[in-house]
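Here the structure comes first, spelled out in structure tokens, and everything after it is commentary.
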Amino acid sequence: GVLPTALSSVPGGAVFFGVYELTKARLEGVAVDEAIPPAFNGIGGGGGLWHKDACAAVTAAAASCLVRTPAAIVSQRMQIGQYGSLREALSGVFAGGGWRGFYTGLAVSIARELPFAFVQFPLYEALKRLVHRRRAAEAGTAGGP
């Protein structure tokens, strides 16, 4: 069960961050919705970027679930002893449900991941902007009179 999990971690992470950065770049030119309460617009000094960060994060989380779910299915079935090898697990899951068999529980995985991504990455981006602004302000005052 460890091998499928390990093999899915790198591609799953690559998909997440690739989609996250691509989505953020695509949303860069999108205007900030004026219906968003001003209290939320300034979170982390992002000027309304939090909802773009959240959108990118949930899109990326859903995309990474497409990579991680098949590995989780194979890993779980190996861990409970249903299959003895990776090859046996892959062929058994496919024989039992075709390609759909690898995506059993995808909706549950997405439902579990999205709330965390929705909170975690906008918060991370807001803190990153805050630190960047503070460092820039400190650098500006360090060379002062």
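Any chance you could count how many residues in the stretch 8-27 are under 9 Å from the mean Cα position of the chain (by Cα) and open to solvent by 70 Å² or more (accessible area, probe 1.4 Å)?
Residues flagged as under 9 Å from the mean Cα position of the chain (by Cα) and open to solvent by 70 Å² or more (accessible area, probe 1.4 Å) within the stretch 8-27 amount to 1.
Cβ contacts < 8 Å: first residue closer than 24 Å to E28 by Cα and open to solvent by 20 Å² or more (accessible area, probe 1.4 Å), restricted to the stretch 52-71; second residue polar (S, T, N, Q) and at pLDDT below 95, any location; separation 6+ or different chain. Result?
As it stands, the answer is C55/T23; T59/T23, since those pairs meet every condition given.
Testing G81 on (1) open to solvent by less than 20 Å² (accessible area, probe 1.4 Å); (2) farther than 26 Å from L123 by Cβ; (3) at pLDDT 90 or above, one condition comes back false. Which one is that?
(1)
Which residues, taken from the stretch 77-103, are outside any helix (DSSP H, G or I) and either out of contact with any Phe, Trp or Tyr (no Cβ under 9 Å at 6 or more places or on another chain) or among the acidic types (D, E) (or both)?
I80, G81, Q82, Y83, G84, S85, Y103
Only one of these conditions is not met by S75: (1) exposed (fewer than 15 other Cβ atoms within 10 Å of the Cβ); (2) at pLDDT below 90. Which number is it?
Of (1) exposed (fewer than 15 other Cβ atoms within 10 Å of the Cβ); (2) at pLDDT below 90, only one is false for S75: (1).
Across the stretch 104-138, which residue is nearest to G12 (Cα to Cα) among those that are part of a helix (DSSP H, G or I) and hydroxyl-bearing (S, T, Y)?
Applying the filter and picking the extreme gives S109.
Out of P115, P122, which single residue is closer than 16 Å to A56 by Cα, within 27 Å of the chain's Cα centre (by Cα) and free of Cβ contacts under 8 Å to residues at least 40 places away in the same chain?
Answer to the selection: P115.
Which ones in the stretch 95-145 are aromatic (F, W, Y), within 30 Å of Q82 (Cα to Cα) and open to solvent by less than 90 Å² (accessible area, probe 1.4 Å)?
Across the stretch 95-145, the qualifying residues are F102, Y103.
Is the stretch 89-103 home to any residue that is touching a residue at least 12 places away in the same chain (Cβ under 8 Å) and closer than 21 Å to V58 by Cα?
Within the stretch 89-103 (the criterion being touching a residue at least 12 places away in the same chain (Cβ under 8 Å) and closer than 21 Å to V58 by Cα), the answer is yes, since at least one residue qualifies.
The values are calculated or read from the model by the stated rules, or taken from the named source; none is laboratory data. Computed from a predicted structure; not experimentally measured. Here Cβ is always computed from backbone atoms with ideal geometry, including for glycine, and neighbour counts include all displayed protein chains. Side chains included, ligands, DNA and RNA excluded: accessible areas come from the protein's heavy atoms. Shrake-Rupley method; radii C 1.70, N 1.55, O 1.52, S 1.80 Å.
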